[in-house]
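Colleague: One structure coming up, written as structure tokens, with questions to follow.
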Amino acid sequence: MANKSGLFPLHLYILCLDLNFNRITLTFVSYKVLPIYIIDREMSLLSITNLSKKFPQSKTYALQDINLEIAEGSIQAIVGENGSGKTSLLKVIAGLEHPDKGSIIFSGQTIVNGKVAISAEQREIGVIFDDYALFPQLNLLENVKVALQPKEKHSTQIARDSLALVGLEDSYKLFPHQLSSGQRQRAALARALASRPKILLLDDPFKSLDTRFKNEMIQDLQDIVKSTGITAIIASHHAKDALSLADNLAILHKGTLQQQGPPEEIYRNPANAYVANFFGKRNEIVATSTPDGFYSGFGFMPDPESVKFNEKVKILFRAEDAKIKKDANQPLSGTIHRTLFYGDHQIVKLMDDEGHQVSIKAHPGRNFPLGERMFFTIEKYELEEAF
């Protein structure tokens, strides 16, 4: 609680690691911090308002006017290409960077107000960066105990419980170099959970994992987050990982928030072309509008919406939104140019007489001979002016 001066007393143990990895020291400090303003926000655990950040050496903003509400107990994915601002946003939330403007309210407390902010150590936020930052000279149990206060009476039991939570209860004596990438990630997760943070930040946690271990880790992370009630914010440049993992997505591009919402909603109803193509490039057919539809090199597609367009339009659709048909009476068709087999499905590429191609998702057991003409329908699509 705050004292009469409105300041919060703070007692910290600061971890110091020797550059030669020979020793670890703990320094006790006590000081007072800026007043924390209490605001009631029942709908979210973390509220980010008009947040902007520009680094001194850069001509452009790393983050610009970010507004985001994150619900308690949810998994929030921050998704974007390299350089989109994902890691910068995590660092600002964690207190490792300070914004130029904007505010962050965490659990009803203002922790950031422009360049004024409370320290990272006060925020009850755990962080796992993509290098895991495990101490090579410590075994797993000792690595996890580093996150706990030195006077914690039950530190060993808490550390072992945290390792058990991530499936490493029998590996507590092992050192980081004896672990696989997946096990090192689990160890870093156990250490972050041991301090009981309210929010856990993970920066590209699946980057170094192969497909099998990545899928396992996604499921395990979901189970751990939901069973502990913790709130997780995950930065990733893999759209498909985010779709399968998160309760809510936020799409960043060049420091600006493009769209946020439930994964299925964003996938099905993208706010703009960037968001739509981020989940895989869409098919694009350039067609000519007529009074009753659209004509292209693949044939004629009837649509009463054609009267709203002048001449050329783009017909945009995903591979799974088109279906290959055996019925030769279908108005759209193309020649099979290539097939790509992915195990649970295949992608069939059809080409018109002018060399334009579309990709259509098909059943893996069906045979598609190259050069054969196939008919198809488009069941869901968007229309845009072509020029």
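Colleague: Mind telling me which of the residues A71, A62, A120, A94 ends up being of a type in the set (G, A, S) and over 20 Å from the mean Cα position of the chain (by Cα)?
Modeller: On the way: A71 fails: over 20 Å from the mean Cα position of the chain (by Cα); A62 fails: over 20 Å from the mean Cα position of the chain (by Cα); A94 fails: over 20 Å from the mean Cα position of the chain (by Cα).
Result of the check over A71, A62, A120, A94: A120.
Colleague: When you go through (1) open to solvent by 50 Å² or more (accessible area, probe 1.4 Å); (2) in contact with a helix residue (DSSP H, G or I) (Cβ under 7 Å, 6 or more places away or on another chain); (3) under 25 Å from I218 (Cβ atoms) one by one for P291, which number turns out not to apply?
Modeller: With (1) open to solvent by 50 Å² or more (accessible area, probe 1.4 Å); (2) in contact with a helix residue (DSSP H, G or I) (Cβ under 7 Å, 6 or more places away or on another chain); (3) under 25 Å from I218 (Cβ atoms) applied to P291, the lone miss is (3).
Colleague: Looking at this structure, is S155 without any contact (Cβ under 8 Å) to a residue 24 or more places away in the chain, surrounded by 15 or more Cβ atoms within 10 Å (Cβ to Cβ), of a type in the set (G, A, S) and over 17 Å from A133 (Cα atoms)?
Modeller: yes
Colleague: Related question: Would you be able to say whether some residue in segment 98-121 is in contact (Cβ under 8 Å) with a residue 12 or more places away in the chain, touching a His at 6+ places or on another chain (Cβ under 9 Å), open to solvent by 30 Å² or more (accessible area, probe 1.4 Å) and assigned to a loop (DSSP other than H, G, I, E, B)?
Modeller: Checking segment 98-121: at least one residue is in contact (Cβ under 8 Å) with a residue 12 or more places away in the chain, touching a His at 6+ places or on another chain (Cβ under 9 Å), open to solvent by 30 Å² or more (accessible area, probe 1.4 Å) and assigned to a loop (DSSP other than H, G, I, E, B).
Colleague: Working carefully through the options K314, K325, K349, find the one that is surrounded by fewer than 17 Cβ atoms within 10 Å (Cβ to Cβ) and charged (D, E, K, R).
Modeller: K325
Colleague: Can you say whether R282 is among the basic types (K, R), open to solvent by less than 40 Å² (accessible area, probe 1.4 Å), under 23 Å from G365 (Cβ atoms) and touching a Phe, Trp or Tyr at 6+ places or on another chain (Cβ under 9 Å), as far as the supplied structure shows?
Modeller: It is false that R282 is among the basic types (K, R), open to solvent by less than 40 Å² (accessible area, probe 1.4 Å), under 23 Å from G365 (Cβ atoms) and touching a Phe, Trp or Tyr at 6+ places or on another chain (Cβ under 9 Å).
Colleague: Also, quick follow-up: Could you check segment 175-214 and list, in sequence order, the residues that are under 18 Å from the mean Cα position of the chain (by Cα), part of a loop (DSSP other than H, G, I, E, B) and modelled with pLDDT of 85 or more?
Modeller: D204
Colleague: Moving on to the next point. Would you check if L201 is more than 19 Å from Y132 (Cβ to Cβ), touching a residue at least 12 places away in the same chain (Cβ under 8 Å), in contact with a helix residue (DSSP H, G or I) (Cβ under 6 Å, 6 or more places away or on another chain) and open to solvent by less than 10 Å² (accessible area, probe 1.4 Å)?
Modeller: No, not satisfied.
Colleague: Could you run through segment 268-279 and say how many residues are of a type outside the set (A, V, I, L, M, F, W, C), open to solvent by 30 Å² or more (accessible area, probe 1.4 Å) and touching a strand residue (DSSP E or B) at 6+ places or on another chain (Cβ under 9 Å)? Spell out how you get there, then give the answer.
Modeller: In the first step, residues of segment 268-279 are kept if they are of a type outside the set (A, V, I, L, M, F, W, C); the result is 268-270, 272, 274, 277.
Subset that is open to solvent by 30 Å² or more (accessible area, probe 1.4 Å): 268-269, 272, 274, 277.
Imposing the further condition that a residue be touching a strand residue (DSSP E or B) at 6+ places or on another chain (Cβ under 9 Å) reduces the set to 269, 272, 274.
So the answer is 3.
Colleague: How many residues are open to solvent by less than 70 Å² (accessible area, probe 1.4 Å) and either among the hydroxyl-bearing types (S, T, Y) or without any contact (Cβ under 8 Å) to a residue 40 or more places away in the chain (or both) when one looks only at segment 139-152?
Modeller: Matching residues across segment 139-152 total 3.
Colleague: Report the residue count in segment 360-379 for those that are in a strand (DSSP E or B) and in contact with a Gly (Cβ under 8 Å, 6 or more places away or on another chain). Steps first, answer last, please.
Modeller: Within segment 360-379, the subset in a strand (DSSP E or B) is 360-362, 373-378.
Still in the running and in contact with a Gly (Cβ under 8 Å, 6 or more places away or on another chain): 373-374, 376.
Qualifying residue count, segment 360-379: 3.
Colleague: Six or more apart or on different chains, Cβ atoms under 8 Å: show the pairs whose first residue is in segment 59-80 and free of Cβ contacts under 8 Å to residues at least 40 places away in the same chain and farther than 27 Å from V225 by Cα and whose second is surrounded by fewer than 24 Cβ atoms within 10 Å (Cβ to Cβ) and not β-branched (V, I, T).
Modeller: Partner pairs satisfying both residue conditions: none exist.
Colleague: Now a separate question. Inspect segment 221-233 for any residue being in contact (Cβ under 8 Å) with a residue 40 or more places away in the chain, polar (S, T, N, Q), part of a strand (DSSP E or B) and over 20 Å from Q137 (Cβ atoms) and give the result as yes or no.
Modeller: Scanning segment 221-233 turns up at least one residue that is in contact (Cβ under 8 Å) with a residue 40 or more places away in the chain, polar (S, T, N, Q), part of a strand (DSSP E or B) and over 20 Å from Q137 (Cβ atoms).
Colleague: Report the residue count in segment 47-87 for those that are closer than 30 Å to Q222 by Cβ, open to solvent by 40 Å² or more (accessible area, probe 1.4 Å), assigned to a loop (DSSP other than H, G, I, E, B) and touching a strand residue (DSSP E or B) at 6+ places or on another chain (Cβ under 8 Å).
Modeller: Residues that pass the stated criteria total 3.
Colleague: Output the number of residues of segment 160-174 satisfying the condition of being in a loop (DSSP other than H, G, I, E, B), of a type outside the set (S, T, Y) and in contact with a Lys or Arg (Cβ under 9 Å, 6 or more places away or on another chain).
Modeller: Of all residues in segment 160-174, those in a loop (DSSP other than H, G, I, E, B) come to 166-174.
Subset that is of a type outside the set (S, T, Y): 166-170, 173-174.
Narrowing the set further to residues that are in contact with a Lys or Arg (Cβ under 9 Å, 6 or more places away or on another chain) leaves 166-169.
Count: 4.
This table checks each residue for (1) among the basic types (K, R); (2) at pLDDT below 95; (3) open to solvent by less than 70 Å² (accessible area, probe 1.4 Å).
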| position | (1), (2), (3) |
| --- | --- |
| A2 | no, yes, yes |
| L7 | no, yes, yes |
| R23 | yes, yes, no |
| K32 | yes, yes, no |
| M43 | no, yes, no |
| L89 | no, no, yes |
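Each row is one residue, and each column tells you yes or no for (1) assigned to a loop (DSSP other than H, G, I, E, B); (2) small (G, A, S); (3) over 30 Å from S88 (Cα atoms).
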residue	(1), (2), (3)
L138	yes, no, no
L148	yes, no, no
E152	yes, no, yes
I158	no, no, yes
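Colleague: In segment 204-260, which residues are crowded, with 22+ Cβ neighbours inside 10 Å and at positive phi?
Modeller: Residue satisfying the conditions is G255 alone.
The values are calculated or read from the model by the stated rules, or taken from the named source; none is laboratory data. Remember, it's a predicted structure, so these values are computed and weren't measured experimentally. Using ideal geometry, Cβ is built from the backbone for each residue, glycine included, and neighbour counts are taken over all protein chains shown. Ligands, DNA and RNA are excluded from the accessible area calculation, which covers all protein heavy atoms including side chains. Shrake-Rupley method; radii C 1.70, N 1.55, O 1.52, S 1.80 Å.
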